[in-house]
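Data first, discussion second: the structure below is written as structure tokens.
The values are calculated or read from the model by the stated rules, or taken from the named source; none is laboratory data. None of these values were measured; they are calculated from a predicted model. Areas reflect the complete protein model, heavy atoms only, side chains present, ligands, DNA and RNA absent. Shrake-Rupley method; radii C 1.70, N 1.55, O 1.52, S 1.80 Å.
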Amino acid sequence: MHCIRSSILQHLRLRVSVRPTLLLQNENGFKSIGYMNFTSEAADADGGQDQILSRVIELVKKYDKTNTSEVTERADFQKDLSLDSLDKVELVMAIEEEFSIEIPDEKADKLTCCGDVATYILSETPTKASES
């Protein structure tokens, strides 16, 4: 059951946290058992950065022009992984698709490693969630 829930939440890119409260009955007879808080995965402070970083690293490892053993948080796309500008554009497009975001060209040029990408995604996701 937990595996199915995780798969669905990962697909929706939402994380549900249930915070139980006391059972209360108001004047209308309704009972309060708890509440659900829907937040973006990236905004989750409990390991959100680590989850995003792991997903970015796995995505870069899947890129056919990278040596998977060399992909780390700080491995430079150009210097360490030998990706040219076209490779980087393709990688940015894959990241945009994976995380359902758009990365402007001027920002994409400054993303040099998986850590930079994860930090950028984390900084942009709460902004997108608040616009909804």
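Listed values, structure above:
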quantity	calculated
Residue 72 accessible area, 1.4 Å probe, all protein chains in place, Å² to nearest 10	70
Accessible surface of residue 86 - all protein chains present, 1.4 Å probe, nearest 10 Å²	110
